[in-house]
């Protein structure tokens, strides 16, 4: 059981010295390839690619997107003030951008470049830079601030890259994969190949870094690139730094009971 939340990061509508990290929309040249029509056994897979000559090749990785710089062909929705905050915005999949005038813009997941998610926390552990117990969101951010010369190396260890869309503002939660707003403390992200979206799920786990029981009925309303497996859930904590601290510390064991209607036969 891990956790996620809706962060708020500083940014601007316009590029400036303080806000110079692009928050991209979906690139015009990225193709979504559905294999299910020709190969039904591959219907659950979606490939992302681009045209190179007469061939379709994999889309650009994170490192390649970074290397393109201003030449990268994607609309820029906003400009972020901090690259590590922007990276974690991609990990969370949605968030709010605090503009210089104090107003906020909400952005949500629109698409992804097709590469599997790789944990930068595990990369830091493998490099001997952090121990596993320190590889939380806070620990990773602390390491990044202390090692600015290795920031690109760290971020590019995860080739996955998320593109955003601007969403209407409001006090509801961000929109999950089910197409409805997430509810803090009641929504989870699951592997939809194992658990049907919309299903009630009773979760039995513990609070982050505690032995205090966390047992409650949740609803499977979201998915995530790192959420793979049958007994695997990402717990949505809500908006803001306090919930971010809980989400960043959550790496708990747990059990899940999926509640299905009588007579329903899952795949």
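The values are calculated or read from the model by the stated rules, or taken from the named source; none is laboratory data. These figures come from a predicted structure and were not determined experimentally. All Cβ positions, even for glycine, are placed from backbone atoms using ideal geometry, and neighbour counts span all protein chains on display.
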query = If you go through the range 209-253 one residue at a time, how many are crowded, with 17+ Cβ neighbours inside 10 Å and over 19 Å from the mean Cα position of the chain (by Cα)?
reply = 2
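Listed here are the residues, each with its yes/no results for (1) touching a helix residue (DSSP H, G or I) at 6+ places or on another chain (Cβ under 9 Å); (2) in contact (Cβ under 8 Å) with a residue 24 or more places away in the chain; (3) farther than 30 Å from residue 258 by Cα.
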site: 131; (1), (2), (3): yes, no, yes
site: 144; (1), (2), (3): yes, yes, yes
site: 154; (1), (2), (3): yes, yes, yes
site: 160; (1), (2), (3): yes, yes, no
site: 168; (1), (2), (3): no, yes, yes
site: 177; (1), (2), (3): no, yes, no
site: 180; (1), (2), (3): no, yes, no
site: 192; (1), (2), (3): no, yes, no
query = Tell me, which helices (runs of 4 or more DSSP H) lie completely within the range 22-140 with 3 or more residues that are under 16 Å from residue 6 (Cα atoms) and either modelled with pLDDT under 95 or under 15 Å from the mean Cα position of the chain (by Cα) (or both)?
reply = 83-92
key: Hits in the range 1-21 (condition: within 23 Å of the chain's Cα centre (by Cα) and surrounded by fewer than 12 Cβ atoms within 10 Å (Cβ to Cβ))   = none
note = Expected single match for touching a strand residue (DSSP E or B) at 6+ places or on another chain (Cβ under 6 Å) and within 21 Å of residue 245 (Cα to Cα) among 76, 125, 107 is 107
ask   = Listed residues 260, 246, 217; which is in a strand (DSSP E or B) and more than 26 Å from residue 111 (Cβ to Cβ)?
value = 217
request  = Kindly indicate which of 204, 265 is in a strand (DSSP E or B) and out of contact with any helix residue (DSSP H, G or I) (no Cβ under 8 Å at 6 or more places or on another chain).
outcome  = 204
